[in-house]
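Data block below; observations after.
The values are calculated or read from the model by the stated rules, or taken from the named source; none is laboratory data. Everything numeric here is computed off the predicted structure, so don't read it as measured data. Cβ placement follows ideal geometry from the backbone for every residue including glycine, while neighbour counts extend to all protein chains displayed. Please note that ligands, DNA and RNA were not included when accessible areas were found on the heavy atoms of the full protein model with its side chains. Shrake-Rupley method; radii C 1.70, N 1.55, O 1.52, S 1.80 Å.
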Amino acid sequence: MVATKTVVVADDREQCTEVVQHLLARRDCEVTVRRLPVGDYQIAGRMLLERKRWPDLVASIADGRLFRQACRLAASPLHAAVLLEGGEEDIVESGMTREAIQGALINVSLILGIPVLRSRDAEESAKLMAYAGHQVGGVMSGAVTRPGYRPKSKRRVQLHILQGLPTVGPVRAARLLDKYGTVEAAIAAALEDLASVPGIGEGVAKKIRWAVT
């Protein structure tokens, strides 16, 4: 007998990927395809995954998309993660240093608090999503507890994200949010503009720009 199926919503830009094909072939998953405002996959209505193959990761680091996408994931009320698919051999000719990639993943995982999961290929990505759905089901049924701070209001989420930046505490985070209105605008601001925010100054501004670029 098949247990309750995990409902997976795939963004329509993922429709032709091997991951979706593997999900459709699974008896424990129910898959729908539609445009998602954030992330590539929504699992059991409780989780968001941003899926990136290694070449996608490098491209998103180079053009700044990775940090912006991670900020939107962090601001979501759902549990979120980045799923990194494939192996480092896929980017041997990319020209991006290992240090640059590690720095970007540190920003995502440690500063923004977004876990980075790994899979070998599309099939394993599908298996991981199905397993995550089963785990979420356990949480919902009370079988597993998940301690941790989960801010509720949007402003509290935004402040929580900004406080993850170097030397940005509650007061500086509030001033940044008051000036720029969104996390995305704050991290995109130029060095000189950041330095003009009361309590920030050039030193802190340089650390913020270092962390997000």
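Kindly state, as a whole number, the per residue volume in cubic angstrom of the convex hull around the alpha carbon atoms of segment 36-95. Walk me through the numbers on the way to the answer.
Values: hull volume 4.4 nm³, N = 60.
Per residue, the Cα convex hull of segment 36-95 comes to 73 Å³.
Of THR97, LEU78, LEU191, which is farthest on the positive side of the dipole of the chain, counting Cα position, with +1 on Lys and Arg Cβ, -1 on Asp and Glu Cβ, and the Cα centre as origin?
LEU78
Using unit Cβ charges (K, R positive; D, E negative) and no other charged atoms, how large, in debye to the nearest 20, is the dipole of the chain about its Cα centre? Show your work: numbers first, answer last.
Details: 29 positive and 24 negative charges, 228 e Å.
In debye, rounded to 20, the chain gives about 1100.
In what sequence, largest accessible area first, do HIS160, HIS79 appear using a 1.4 Å probe?
So the residues, ranked largest to smallest area, are HIS160, HIS79.
Give, rounded to the nearest 20 debye, the magnitude of the charge dipole that segment 49-119 has about its Cα centre when Lys and Arg contribute +1 at Cβ and Asp and Glu contribute -1 at Cβ.
340 debye
Give the accessible surface of the chain per residue, rounded to a whole number of Å², with probe radius 1.4 Å and ligands, DNA and RNA excluded.
Per-residue accessible area for the chain comes out at 54 Å².
In whole Å, what is the distance between the alpha-carbon centres of segment 70-90 and segment 197-213?
Segment 70-90 and segment 197-213 have Cα centres separated by 25 Å.
Provide the net charge surrounding PRO55, with neighbours chosen by a C-beta distance below 12 Å and charges set as Lys +1, Arg +1, Asp -1, Glu -1.
Taking every Cβ under 12 Å from that of PRO55, the sum is -4.
Counting helices only, and only those DSSP H runs with n ≥ 4, report the 222 nm mean residue ellipticity of the chain as the sum of -39,500 (n - 2.57) divided by its residues, in deg cm²/dmol to the nearest 500.
Calculated at 222 nm, the ellipticity per residue is -13500 deg cm²/dmol.
Against the 2.2 N^0.38 Å scaling, with N counting residues, where does segment 76-116 land? I'd like the Cα-based Rg ratio to two decimal places. Could you put the intermediate results ahead of the total?
Numbers: Rg = 12.1 Å, N = 41, 2.2 N^0.38 = 9.0 Å.
My calculation over the Cα atoms of segment 76-116 gives 1.34.
Let me cross-check ARG98: its accessible surface, 1.4 Å probe, with only protein heavy atoms counted, in Å² to the nearest 10?
Only protein atoms counted, so the area is about 130 Å².
Can you tell me the Rg and the Dmax, both Å, for the Cα atoms in the chain?
18.6, 63
Find out how many positive minus negative residues lie around ASP121, taking Lys and Arg as positive, Asp and Glu as negative, among other residues whose Cβ is under 9 Å from that of ASP121.
Working: positive: ARG120; negative: GLU18, GLU85, GLU123, GLU124.
Net charge around ASP121: -3.
Counting only protein heavy atoms and a 1.4 Å probe, tell me what percentage of the chain's accessible area is made up of carbon and sulfur. Intermediate results must be reported in sequence, preceding the final value.
Details: 6170 of 11520 Å².
Of all accessible area on the chain, carbon and sulfur atoms account for 54 percent.
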